[in-house]
Amino acid sequence: MKTDLDKVRNIGISAHIDSGKTTLTERILYYTQRIHAIHEVRGKDGVGAKMDSMELERERGITIQSAATYCSWKDNHINIIDTPGHVDFTIEVERALRVLDGAVLILCSVGGVQSQSITVNRQMTRYKVPRIAFINKCDRTGANPDRVIQQIRDKLNLNAIALQLPIGLEGNLKGLVDLVIMKALYFEGENGDIIREDEIPQNLLAEAEAKREELIDAASMFSDELMEAALEGTPTVAMIKAAVRKGTLALELAPVFVGSAYKNKGVQPLLDAVIDYLPNPKDIENIALDLDKNEEEIVVKSDPDEPLIALAFKLEDGRYGQLTYVRVYQGTMNKGDTIVNSRTGKKVKIGRLVRMHSNEMEEIESSTAGDIVALFGVDCASGDTFTSSNISCSMSSMHVPAPVISLAIIPTDNKAQINMSKALNRFTKEDPTFKTFVDHETNETIISGMGELHLEVYIERMKREYGADVIIGPPQVAYRETITQRAEFNYTHKKQTGGSGQFGRVAGYMEPIEEKDYEFVDKVVGGVIPREYISSCDKGFQKGIVKGALAEFPVNGVRVVLNDGAFHAVDSSDVAFQLAAFGGFREGYSKAKPVLLEPIMKVAVEGPTEFQGPVMGSLNQRRGVIAGTFEEGDYTVVEAEVPLSEMFGYSTVLRSLTQGKAEFTMEFAAYRHVPKSVAEEIILDIQKKKKK
């Protein structure tokens, strides 16, 4: 096992859907001799790419779950996570980025910076992940790497700088020019295994020299040594590489590489770039919270001899029980060790420790700081921290977006009911964006997720992996309620029964806020409500926001200010004040002009320009607001904001409108007011359902 951390890289491969992530990963595994034959995504041989191990992934040609693997390149150890491109599976990308040190952002040379590229880039920025860009598919008709580089600067706001130049484009892609060593590289042999280094073709020499000047100018901002050498005309390869690395690690430079993974061109130089420009575990500062010292921040040391700190970032339920993917940040983890789950305080013994290669695994005895491995038979939740018994700390958790769509599922028989429960139990544990609950009024099981495809995949997996046949109800949008104006309340809860009675009076006001879902402000003076009942009032108000009085959806954006009240020495109690606050909330809420909110999605439709009119028309019909249109060659991208409730079944409509030539992506943008006429229909619909 390699312990030299300078030679370890933990990288993720992320991009917009269909940019060739899995194809690139397949080449990386082949060139690093982890696999001995290349299989394509949806390939004719029917084998499918190594990293798409799930049957559904191979059938649909998309990545659903992120997959981990590792390989060795020129004595360096690289842990790779291949992530899904579809926005419905965004939690997989979040999880991967949380534990990675660097990333390769893949862009299509024709499509350029697409909607999901922007989302992925935003996620990388959130986790401060240094990145390099790879412009793939340079063999495709319409390829234009220069335009893509400009888009990286304009749309992603990154300081993109080319380190390579393609030799020929589209069908004539022959190789590439390395602007650091100023040599032409050609990829020969059946699978591009042999790299032939040659002089730069004469017709490209002037352009290559100009681009190299640009590269040195950009890189010299990070190295005085390079700047001086550039002025003297003597910059060396080592100086350029060191400066580019420094800029990349500081997140101020994004080196850009080009090639075509499918045509086996440019992959080996990209692997060199991963080693040269992306950080090793020691380059990244990771922070943990010391639970013994009031969550004081401590810097995690990537040192195998320090006490253990590891983060569980992904769970999978397999044939042999729960498989937990962990990133070891500090210390050493050995098979047979007893470690502590810092959330539950429980001690667990590591029975089996494995290194993952897609769906295969390799038993190992130990792993050290900087490694990504998996544990067997350890009961925990995603995001838990494991430590040695002599320390108590927690890694900060990751961002989990709230689900926006839900639907009811009804099992067909008793057997399906049991299997469905098993499946739901597993899926909710594995995926924090997939939620389930039973609606006690309708007695239906409701599942919620990030989009139609997300839920579709889980229902399909329920059938295939658990044999649970379910009837699916129509999808439901996760509406919310909010108030639009300030309103006062003054409510007395009084009840006299046989023994001691109940008494509590609360008074104050509520007002709309934007920054939070709920805020409680205590302005009670003079002891009109005793201090011990203030938290009871807060609890009562919180019960009020669970179901709004308008249509029983959760209430968002409310500040409740309590400034007066009264109590009784004998009859006041915790329960009495909770009920008084609940009543007060209902009283104020009805006066505060409540309205419905609905999730609005950011939709991007990409397709041939000839269909621009019908596409825009279809979005307008769905209460969509067109945000802009961009023409890129023969393709047009229409961006719009459309209510989620109007987007159900849109893929079928779009397919028939554009002869299957256009595709769309969407992601959650914000919650906005539902127009009055639509809100009335929704409320009427809910009332009808309740009567049934």
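Spot the failing condition for R672; the list is (1) part of a helix (DSSP H, G or I); (2) open to solvent by 30 Å² or more (accessible area, probe 1.4 Å); (3) of a type outside the set (F, W, Y), and only one is missed.
Against the list (1) part of a helix (DSSP H, G or I); (2) open to solvent by 30 Å² or more (accessible area, probe 1.4 Å); (3) of a type outside the set (F, W, Y), R672 comes up short only on (1).
So, in the stretch 635-657, exactly how many residues are more than 30 Å from V400 (Cα to Cα) and surrounded by fewer than 20 Cβ atoms within 10 Å (Cβ to Cβ)?
Of the residues in the stretch 635-657, 5 are more than 30 Å from V400 (Cα to Cα) and surrounded by fewer than 20 Cβ atoms within 10 Å (Cβ to Cβ).
Pairs under 6 Å by beta carbon, first residue closer than 12 Å to M182 by Cβ in the stretch 200-211, partner surrounded by 12 or more Cβ atoms within 10 Å (Cβ to Cβ) and small (G, A, S), six or more apart or different chains?
Hits for this filter: I200/A184; I200/A208; K211/A162.
Answer yes or no as to whether K137 is more than 23 Å from the chain's Cα centre (by Cα) and among the basic types (K, R).
It is true that K137 is more than 23 Å from the chain's Cα centre (by Cα) and among the basic types (K, R).
Just checking, how many residues over the stretch 91-115 are open to solvent by 10 Å² or more (accessible area, probe 1.4 Å) and under 19 Å from M666 (Cα atoms)?
Of the residues in the stretch 91-115, 4 are open to solvent by 10 Å² or more (accessible area, probe 1.4 Å) and under 19 Å from M666 (Cα atoms).
What's the number of the only condition in (1) within 23 Å of M647 (Cβ to Cβ); (2) open to solvent by 10 Å² or more (accessible area, probe 1.4 Å); (3) in contact with a Pro (Cβ under 9 Å, 6 or more places away or on another chain); (4) assigned to a helix (DSSP H, G or I) that I418 fails to meet?
Only one criterion in (1) within 23 Å of M647 (Cβ to Cβ); (2) open to solvent by 10 Å² or more (accessible area, probe 1.4 Å); (3) in contact with a Pro (Cβ under 9 Å, 6 or more places away or on another chain); (4) assigned to a helix (DSSP H, G or I) is unmet by I418, namely (1).
Which of the strands (runs of 3 or more DSSP E) found entirely inside the stretch 263-326 contain at least 2 residues meeting this: free of Cβ contacts under 8 Å to residues at least 40 places away in the same chain?
Hits in the stretch 263-326: 296-300.
Would it be correct to say that F386 is surrounded by 20 or more Cβ atoms within 10 Å (Cβ to Cβ) and in contact with a helix residue (DSSP H, G or I) (Cβ under 9 Å, 6 or more places away or on another chain)?
For F386, the condition - surrounded by 20 or more Cβ atoms within 10 Å (Cβ to Cβ) and in contact with a helix residue (DSSP H, G or I) (Cβ under 9 Å, 6 or more places away or on another chain) - is not met.
Any chance the stretch 213-234 includes a residue that's over 22 Å from L176 (Cα atoms), open to solvent by 10 Å² or more (accessible area, probe 1.4 Å) and of a type in the set (V, I, T)?
Yes - at least one qualifying residue is present in the stretch 213-234.
Within the stretch 255-266, which residues are buried (at least 23 other Cβ atoms within 10 Å of the Cβ) and either at pLDDT below 90 or in contact with a Cys (Cβ under 8 Å, 6 or more places away or on another chain) (or both)?
Those that are buried (at least 23 other Cβ atoms within 10 Å of the Cβ) and either at pLDDT below 90 or in contact with a Cys (Cβ under 8 Å, 6 or more places away or on another chain) (or both): V258, G259, S260, A261, K265, G266.
Take V653 and decide whether it is free of Cβ contacts under 8 Å to residues at least 40 places away in the same chain, touching a helix residue (DSSP H, G or I) at 6+ places or on another chain (Cβ under 7 Å) and outside any strand (DSSP E or B).
So V653 fits the description; yes.
Filter the stretch 458-515 down to residues that are exposed (fewer than 15 other Cβ atoms within 10 Å of the Cβ) and among the hydrophobic types (A, V, I, L, M, F, W, C) and give me whichever is farthest from S645 (Cα to Cα).
I471
Within the stretch 235-249, restricting attention to residues that are touching a helix residue (DSSP H, G or I) at 6+ places or on another chain (Cβ under 9 Å) and free of Cβ contacts under 8 Å to residues at least 60 places away in the same chain, which residue is least open to solvent (accessible area, probe 1.4 Å)?
My answer is A243.
The values are calculated or read from the model by the stated rules, or taken from the named source; none is laboratory data. Just so it is clear, the structure is predicted and the values come from calculations on it, not from any experiment. Counting neighbours? That spans all protein chains shown, and the Cβs are built from the backbone with ideal geometry, glycine included. Just so you know, the surface numbers come from the protein's heavy atoms only, side chains and all, with ligands and any DNA or RNA stripped out. Shrake-Rupley method; radii C 1.70, N 1.55, O 1.52, S 1.80 Å.
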